[in-house]
1. In degrees between 0 and 90, to the nearest 10, how far off the longest principal axis of the chain does helix 27-37 point, with axes built from Cα atoms?
2. Pick out which of PRO46, PRO111, PRO11 has the largest mean-square fluctuation in a Gaussian network model of the chain, springs linking Cα atoms closer than 10 Å.
3. I need two numbers for the stretch 1-90: Rg to one decimal and Dmax as a whole number, Cα atoms only, in Å.
4. Quick check: the distance between the Cα centres of the stretch 1-71 and the stretch 115-135, to the nearest angstrom?
5. May I ask for the Kirkwood hydrodynamic radius of the chain, worked out over all distinct Cα pairs and given in angstroms to one decimal?
6. Given springs between every Cα pair under 10 Å in a Gaussian network model of the chain, which of TYR48, TYR40, TYR121 has the largest fluctuation?
7. Among GLY125, PHE104, VAL90, pick out the residue whose Cα is farthest towards the positive end of the charge dipole of the stretch 2-146, where Lys and Arg carry +1 and Asp and Glu carry -1 on C-beta, about the Cα centre.
8. Could you work out the local net charge near ALA107, counting Lys and Arg as +1, Asp and Glu as -1, over the other residues with Cβ closer than 12 Å to its Cβ?
Amino acid sequence: MDETLDFYATPGRFTVLEDSDFSSDDVREVVGVVQGLLVYDMVARPFYGVDLTPDQAEAIHERDTSRLLEIVRAVDNRPLEEARPPANRVGARCHAFSRLTVAFLRAAGVPARARCGFGAYFRPGWFEDHWVAEYWNAAAARWQMVDASSTPRGAG
């Protein structure tokens, strides 16, 4: 199992970060940081009253985490761990929330992976395709799901 965990603790092609980027082995902290950088683009207007700029809105298509963080910094250059107001966040979908969660955890040496499936917790009786992250919970000796796109800020 150690070899498998080492694999998932190593950044991959789309989860490599710069040395100066944020990292943490605290899942709650990671979720808070991710939520302070991204806003689900489809609800930016109805939930937050925010109209994303074209650059903020186009960020939903960026697959490379380093480039996504470049867009984040171009919108608001404060430290990554400092939450931005919704108008200064970058538009994202569930895959970006999970990929960024995985990248920050892996940068801290925590085994983490993105998982895709069908979430039944958005609307009862309706299964929507959805990406989440899982991290290795060493204390429980098991993979544990974390959904940074729908978990209330600070929870995990």
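1. It is inclined by approximately 20 degrees.
2. PRO46
3. 14.5, 47
4. 18
5. By the Kirkwood definition, the hydrodynamic radius is 15.7 Å.
6. Residue with maximal mean-square fluctuation among TYR48, TYR40, TYR121: TYR121.
7. Among GLY125, PHE104, VAL90, the one farthest towards the positive end of the dipole of the stretch 2-146 is GLY125.
8. Net charge in that neighbourhood comes out at -3.
No lab work stands behind these numbers, since they all come straight from the coordinates. Remember, it's a predicted structure, so these values are computed and weren't measured experimentally. For neighbour counting, all protein chains shown are included, and Cβ atoms are generated from backbone atoms with ideal geometry for every residue, glycine included.
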